[in-house]
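Engineer: One structure, as structure tokens, below. Some questions next.
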Amino acid sequence: MTAPADTPPPAEEPAPWFADVVPGPAPESRWLRTADGVRLRIAYWPEGSRGTVLLFPGRTEHVEKYTHLAEAFGKAGWQAAAIDWRGQGLADRLAPDPLLGHVDRFPDYQHDVAALTAFLAERGAPRPWHLLAHSMGGMIGLRALHGGLPVAGVVFSAPMWDLPGPGVLTPALKWAIRAADTLGLALQRMPTTGPRSYVLTAPFEDNTLTRDREMWTWMGEMIRAHPELEIGGASIRWVAEALREAALFARMASPAQPAVTFLGSEEKVVDPAAIRRHMARWAAARTGARLVEVPGARHEIFMELPETRQHFIDTAIDTFARAEATAAGAG
């Protein structure tokens, strides 16, 4: 599997950064144009010379949400860059309904990866590069690794290597989704989802993302202050494409890089069984891959209770440092 053979256009003009909802120094925020003509937004934190961490967000997310991770990596000596994927954040929306989470083909996200890495190469972002990918970003990141993404260390947070299984997406429902996609219903919203952002409509007590009320509140405040960041449920096409991607990855060998994956015991957004299968196979390949299961944690490990967030950050820093030491020893 290879990424699209892109030669993205140069970086465009500065893009907005919502400093009113994100404390601390602002990153360099820019528009990028992909080779297939989609406008994206990236945030680049250029402090540090040790290397660069690529932050791949999940579905519905935006670059402001990754500020505390970028700051932590900056203190450890790494630069960082995050991206608004096509169809979300301030990137171009891909459906007539701007609140619909939609993509035509999942491999199209690799054009976004190519635009980000071209920007970092042009800016001379220090190497080695590393990858930290959450949820949908984990699916995009896995394809990018198979396509030769030049990173040394890899950390996943609840990667979306399949959608929830029994009780949520039954085999019959998966068949119906694929059938609906081919019958001209691609831009219909999944009937199990709503048009508004989950963090604006779900109660904190029953939410599937975090046990930390402060983080939960902050996620909602960002969208209330800047409604242009909001995105609701996914389209039938998005779900059908995600299922196709998951089936493809299930048949593929693991990438060569060492990887650490975090999974909360209360995961309900993605399929925990798929994560365990992938990581067992990855570990068996003797690449140094391992799975870290966090008792009580929900989907967003890096937005969880303070001790869980710190454990995640400390492990990521250690993973990247070990990858650098291994690469230096091999050289």
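Engineer: Please determine, by comparing only the residues of the stretch 182-202 that are part of a loop (DSSP other than H, G, I, E, B) and of a type in the set (Val, Ile, Thr), which one is modelled with the highest pLDDT.
Structural biologist: Selected residue: Thr193.
Engineer: Please go through (1) touching a helix residue (DSSP H, G or I) at 6+ places or on another chain (Cβ under 9 Å); (2) farther than 23 Å from Ala152 by Cβ for Gln79 and return the number of the only condition it doesn't satisfy.
Structural biologist: The single condition Gln79 does not satisfy is (2).
Engineer: If you go through the stretch 255-314 one residue at a time, how many are outside any strand (DSSP E or B), buried (at least 19 other Cβ atoms within 10 Å of the Cβ), of a type in the set (Gly, Ala, Ser) and touching a Gly at 6+ places or on another chain (Cβ under 9 Å)?
Structural biologist: The qualifying residues number 2.
Engineer: Here is a further query. I'd like to know if the stretch 151-164 contains one or more residues that are surrounded by 24 or more Cβ atoms within 10 Å (Cβ to Cβ), of a type in the set (Ser, Thr, Tyr) and under 20 Å from Glu241 (Cβ atoms).
Structural biologist: Checked against the condition, which is being surrounded by 24 or more Cβ atoms within 10 Å (Cβ to Cβ), of a type in the set (Ser, Thr, Tyr) and under 20 Å from Glu241 (Cβ atoms), the stretch 151-164 yields no hits at all.
Engineer: Among the listed residues Pro46, Pro107, Pro126, Pro98, which satisfies the condition of being within 20 Å of Glu245 (Cβ to Cβ) and either surrounded by fewer than 22 Cβ atoms within 10 Å (Cβ to Cβ) or without any contact (Cβ under 8 Å) to a residue 24 or more places away in the chain (or both)?
Structural biologist: After ruling out the rest, the residue left standing is Pro107.
Engineer: Still on this structure, I have one more. Determine which single condition Glu205 fails, assuming it passes every other condition in (1) of a type in the set (Asp, Glu); (2) touching a residue at least 24 places away in the same chain (Cβ under 8 Å); (3) part of a helix (DSSP H, G or I).
Structural biologist: Result: Glu205 fails condition (2) only.
Engineer: Provide a single number: the residues in the stretch 278-305 that are under 21 Å from the mean Cα position of the chain (by Cα) and either touching a residue at least 40 places away in the same chain (Cβ under 8 Å) or within 18 Å of Leu131 (Cβ to Cβ) (or both).
Structural biologist: Total satisfying the criteria: 16.
Engineer: Is one or more of the residues making up the stretch 134-145 out of contact with any strand residue (DSSP E or B) (no Cβ under 9 Å at 6 or more places or on another chain), touching a residue at least 24 places away in the same chain (Cβ under 8 Å) and closer than 22 Å to Trp85 by Cβ?
Structural biologist: Within the stretch 134-145 (the criterion being out of contact with any strand residue (DSSP E or B) (no Cβ under 9 Å at 6 or more places or on another chain), touching a residue at least 24 places away in the same chain (Cβ under 8 Å) and closer than 22 Å to Trp85 by Cβ), the answer is yes, since at least one residue qualifies.
Engineer: Restricted to the stretch 322-331, and to residues that are surrounded by fewer than 21 Cβ atoms within 10 Å (Cβ to Cβ) and in contact (Cβ under 8 Å) with a residue 12 or more places away in the chain, which residue is nearest to Ser157 (Cα to Cα)?
Structural biologist: The qualifying residue nearest to Ser157 (Cα to Cα) is Arg322.
Engineer: Which residues, taken from the stretch 211-254, are assigned to a loop (DSSP other than H, G, I, E, B), more than 27 Å from Gln110 (Cα to Cα) and among the basic types (Lys, Arg)?
Structural biologist: The answer is Arg211, and nothing else.
Engineer: Report yes if Arg251 is more than 23 Å from Arg93 (Cα to Cα) and charged (D, E, K, R), otherwise no.
Structural biologist: For Arg251, the condition - more than 23 Å from Arg93 (Cα to Cα) and charged (D, E, K, R) - is met.
Engineer: Given the options Arg251, Arg213, name the one that is under 30 Å from Val22 (Cα atoms), surrounded by fewer than 15 Cβ atoms within 10 Å (Cβ to Cβ) and over 21 Å from the mean Cα position of the chain (by Cα).
Structural biologist: Checking each option against the conditions leaves just Arg213.
Engineer: Restricting the search to the stretch 23-43, which residues are surrounded by 24 or more Cβ atoms within 10 Å (Cβ to Cβ), closer than 28 Å to Ala321 by Cβ and either charged (D, E, K, R) or touching a residue at least 60 places away in the same chain (Cβ under 8 Å) (or both)?
Structural biologist: Residue satisfying the conditions is Ile42 alone.
Engineer: Closer than 29 Å to Pro23 by Cα and acidic (Asp, Glu): which single residue out of Asp108, Asp104, Asp97, Asp92 fits that description?
Structural biologist: Asp92
The values are calculated or read from the model by the stated rules, or taken from the named source; none is laboratory data. All values derive from a computational prediction rather than experimental measurement. With ideal geometry, Cβ positions are generated from the backbone for all residues, glycine too; neighbour counts draw on all protein chains shown.
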